[in-house]
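Heads up, the thing below is written out as structure tokens.
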Amino acid sequence: MQFVQNFPFITIILSLFSGPLSSILDGKKAKKINLAVITVIALMSCAVLGFVIRSGAPYVYMMGHFPAPWGNEIRVGVLEASMAVIFCIIMLLCMLGGVYEREEELEETKQNLYYVMVNLLLCSLLALIYTNDLFTAYVFVEINTISACGLIMIRQNGRTLEAATRYMIMSLLGSGLLLLGICFLYDLTGHLLMSNIQEQVAILHQTGMYNIPLLVSLGLMSVGLAIKSALFPFHSWLPDAYGYSTLSSAAILSSLVSKGYIFLLAKIFYRVVGFDMVRDSKVVNVLFVFGIAGMIMGSVSAIQENNIRRMIAYSSVAQIGYIYMGFGLGTTAGVIASIYHIVSHAATKSLLFVAASGITDASGDSTRFQDLTGAGYRNKLAGVAFTVGSLSMVGIPMFSGFISKLLFAQAGMESSHKLLLTLIALAISTILNALYFMKTVIRIYTPVSRAAIRKKGFRNITMKENKQKSAALVCFIILNLILGLCSEPIIALFRSGLEMFS
């Protein structure tokens, strides 16, 4: 075994132990350790990605070198390593973009606790990406939930406490259903290791035994993870959680946390149950219907909002719907489109939250639309960044969102009985996206008199005033353009990763 093959395990352990270390440090030192850990893990993940691309095959790492059922193991392929790299890059940019807000909004004595939660969240995301054991995945789902809840409520005002309570209630419901599904599957197969479960499920499916219990188990796990990832209509916790938490928390929650649950669902479909059985079970049809409902209703709710952060939050409901619609198509092309949209949405939604923060900074910290008039002139970089994110969400060529919608349309072509509904949903959702995003772009670039600006106490913000946020915005814009203009090698990478996924 080459040394680089140990990196996935090392990254999980590194992020896990950096959490308790941050708890005994002050906020500034904890921040430095957090940024250093994310950077190191990103570099190690890049090395792992390079290794699996060169080898052309996944590998299994047994912790303690004990095989199942006594030991635990992680499995690393192109798709897992790609997700680890992308998640680390986006988390690093989210943390850089929200440095000023964290120092302003959090009590000094609680800043180190914030970095504890972020480190544990990164640990759980990496574990969900790499683990090959279903119960271990459940354990880290709970760690993910607790960490995310801490990120929401750490400001400890009325809004965030209420949002954290709603989030915890819905997450516990989803976790309970997921655990029930895992218990049923363990009772049927006698295994927790994903590869062993898949072998037993294939035998049961071929013999026709326990088809209904298997379907119930699959349905429980799918619904549980759908609730945790805020699929419509289980999204009621999301607007307040994203809208009133700190900037970094909102960006991380919207771009990464729900994607970890969705990636775990993809692993269950491919590496636990088998995608052929998932397609035959008709569970994909349920996900398809609720995905389309989320695409439409999330956008309708966003149009009705008068708060820019809550508008972006409701937009996430629509984008999560896209991902589940892709799974619901029941084709490999649909899954690839969903995986690409996981990355596209993660990069774009975090860009929008950071850019919206820059716009509100130039508008007296107001998030109301009537106060954002002309904000694109008062904070030029934030205005450009928000415009880029908006164009991507609408699906304008050159940006990542266009590639996502193109992939979904192409995937719909391979599913004849769902083609018309897919294309109609994409068209309606795109029009609705344009209504609320372009409305906002027009408002921030609507000129306003200097007298009105002075009267309201607004001010101009330059790139040098908040260098870390400016650097994060520039990097997010570049990342979005890379995903939009250099999509072919990225799609080919995801396709090869999906082929070795099972």
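The values are calculated or read from the model by the stated rules, or taken from the named source; none is laboratory data. This structure is a prediction, so every number in the text was calculated from the model and none was measured. Counting neighbours? That spans all protein chains shown, and the Cβs are built from the backbone with ideal geometry, glycine included. The accessibility values were calculated without ligands, DNA or RNA, using every heavy atom of the protein model including side chains. Shrake-Rupley method; radii C 1.70, N 1.55, O 1.52, S 1.80 Å.
Among the residues of region 221-277, those identified as open to solvent by 10 Å² or more (accessible area, probe 1.4 Å) and among the β-branched types (Val, Ile, Thr) are Val223, Val273. The residue list Ser357, Ser344 contains one member that is touching a Leu at 6+ places or on another chain (Cβ under 9 Å), open to solvent by less than 10 Å² (accessible area, probe 1.4 Å) and of a type in the set (S, T, N, Q), which is Ser344.
Of the residues that make up region 182-189, is at least one closer than 18 Å to Ile152 by Cα, touching a Phe, Trp or Tyr at 6+ places or on another chain (Cβ under 9 Å) and either open to solvent by less than 10 Å² (accessible area, probe 1.4 Å) or touching a residue at least 24 places away in the same chain (Cβ under 8 Å) (or both)? Full working, then the answer.
First, pick out the residues of region 182-189 that are closer than 18 Å to Ile152 by Cα: none.
No, there is no match, as no residue in region 182-189 is closer than 18 Å to Ile152 by Cα, touching a Phe, Trp or Tyr at 6+ places or on another chain (Cβ under 9 Å) and either open to solvent by less than 10 Å² (accessible area, probe 1.4 Å) or touching a residue at least 24 places away in the same chain (Cβ under 8 Å) (or both).
Selection over region 371-396 of residues that are touching a Leu at 6+ places or on another chain (Cβ under 9 Å), open to solvent by 10 Å² or more (accessible area, probe 1.4 Å) and either assigned to a helix (DSSP H, G or I) or more than 22 Å from Phe327 (Cβ to Cβ) (or both) gives a count of 3. I'd like the residue in region 144-164 that is part of a helix (DSSP H, G or I) and open to solvent by 50 Å² or more (accessible area, probe 1.4 Å) and, out of all such residues, is modelled with the highest pLDDT. Applying the filter and picking the extreme gives Ile146. Checked against (1) at pLDDT 90 or above; (2) touching a helix residue (DSSP H, G or I) at 6+ places or on another chain (Cβ under 6 Å); (3) open to solvent by 70 Å² or more (accessible area, probe 1.4 Å), Ile478 passes all but a single condition, namely (2). Only one of the listed residues (Leu256, Leu287, Leu264) is in a helix (DSSP H, G or I), at pLDDT 85 or above, touching a strand residue (DSSP E or B) at 6+ places or on another chain (Cβ under 9 Å) and not polar (S, T, N, Q). That residue is Leu264. Does Phe7 count as aromatic (Phe, Trp, Tyr) and out of contact with any Ser or Thr (no Cβ under 9 Å at 6 or more places or on another chain)? Taking the combined requirement at face value, the residue does not satisfy it. Within this structure, Leu426 fails the test of being open to solvent by 100 Å² or more (accessible area, probe 1.4 Å), over 28 Å from Tyr100 (Cα atoms) and modelled with pLDDT of 85 or more.
Of the numbered criteria (1) within 17 Å of Ile86 (Cβ to Cβ); (2) at pLDDT below 85; (3) of a type outside the set (Ser, Thr, Tyr), the one Gly376 fails is (1).
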